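Trainee: Could you have a look at this structure, given as structure tokens, before my questions?
Just so it is clear, none of the values below were taken in a lab; they were calculated from the coordinates. Remember, it's a predicted structure, so these values are computed and weren't measured experimentally.
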Amino acid sequence: MASGFFALLDDIATLADDVSVAAKIATQKTTAVLGDDLAVNAEKATGFQQSRELTILWAITKGSLKNKAIILPIAFLLNWLAPSIIIYFLMAGGFYLLYEGSEKVVESIAARHHKKPDKTLLQSTTENILDLEKQKIKSAIFTDFILSIEIIVIALSSVANATLLVQMISTVFVALFATFGVYGIVALIVRMDNFGFWLIGKKQSAIGKSLIRAMPKLIRVLGFVGTVAMILVGGGILTHHITWLHHFFIPNIPAIINDLVIGLVIGFIVFLLIEMLQYLKSRVLR
């Protein structure tokens with residue numbers, strides 16, 4: 001009986017070691033997407049009233065957990081029954097990331113040429129502001145859904161040689177880390193200015209003012225990084241899984257730049273196609 005107990009402990013230790021190694025590999029493989037997730041959600045979680053920031057961020061976090069609860073069982077089932085199908089979900093997510101990234105580039109260029117006050121916010125009532133918050137939360141959760149698919153599929157494929165139990169535990173670990181780790185950091189970022197005001201109240205005005213001034217700059221930097229990351233990750237997914245794109249390299253430049261260029265080109269094509277479809281739809285419905 002004692003030998004059986006120690007054998008069980010040995011099996012548990014072996015499983016824990018296998019999971020630790022697999023989780024480390026899966027986390028390393030998903031680093032780029034996790035960075036993208038952080039940058040995108042830091043941008044989406046800002047622009048609210050300070051008193052509402054953490055409430056809204058918690059709503060997005062709960063939405064992210066629901067996304068993982070939906071995606072994980074489906075990913076495990078597909079990985080067991082039809083692993084080849086997962087690649088198509090991964091590529092579909094890549095196309096979406098390229099669309100959203102190119103849309104942000106277009107919006108940024110348009111904003112520079114047409115600097116006008118946001119009339120929606122200026123003319124908004126309390127009810128309108130709540131509607132805007134709901135729309136932004138919905139958009140953030142949908143983007144999280146796409147990024148969650150990418151994170152889970154990449155994590156699962158990176159531990160494909162492990163046992164089924166190790167695959168499942170390590171992928172769940174990465175999925176939870178992607179939610180609590182990313183949104184925990186986002187919470188710190190969006191409250192950075194509050195911490196600055198607190199420091200000013202504690203007679204640490206120099207540091208406090210620096211944090212307050214740095215906060216909007218950090219958000220802008222993260223917004224830029226998020227846009228580049230979406231295009232880079234989306235381009236990388238497509239170049240690694242579409243054969244002719246994989247061999248379509250621009251000479252004498254690093255592979256990462258190649259992925260970025262291809263991502264930009266495909267992203268703008270997808271953006272134009274969707275804009276055309278939306279225009280045609282609006283004409284038909286008139």
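Trainee: On a full-extension model of 0.36 nm per residue, what is the gain between residue 111 and residue 209, subtracting their alpha-carbon distance, rounded to one decimal in nm? It would help to have the intermediate numbers written out before the result.
Mentor: Numbers: separation 98, 0.36 × 98 = 35.28 nm, distance 2.82 nm.
In short, 32.5 nm is gained.
Trainee: Can I get the semi-axes of the range 190-286's equivalent ellipsoid? Compute them from the C-alpha gyration tensor as square roots of 5 times the eigenvalues, in angstrom, largest first.
Mentor: Working: eigenvalues 342, 110, 15 Å².
Computed over the range 190-286, the values are 41, 24, 9 Å.
Trainee: Under the Karplus relation 6.51 cos²θ - 1.76 cosθ + 1.60, θ = phi - 60°, what is the ordered set of whole-Hz ³J(HN,Hα) values for the range 205-215, x standing for Gly and Pro?
Mentor: Here the 3J(HN,Hα) series is 5, 4, 5, x, 5, 5, 5, 5, 5, 6, 4 Hz.
Trainee: Given N residues in the range 143-210, what is Rg(Cα) / (2.2 N^0.38 Å)? Can you show the working numbers first?
Mentor: Values: Rg = 19.0 Å, N = 68, 2.2 N^0.38 = 10.9 Å.
Dividing the Cα Rg of the range 143-210 by 2.2 N^0.38 Å gives 1.73.
Trainee: Once the piece of chain linking residue 55 and residue 279 is laid out straight, how much longer is it, given 0.36 nm per residue of separation minus the C-alpha distance between them?
Mentor: Details: separation 224, 0.36 × 224 = 80.64 nm, distance 3.62 nm.
Net length gain for the segment: 77.0 nm.
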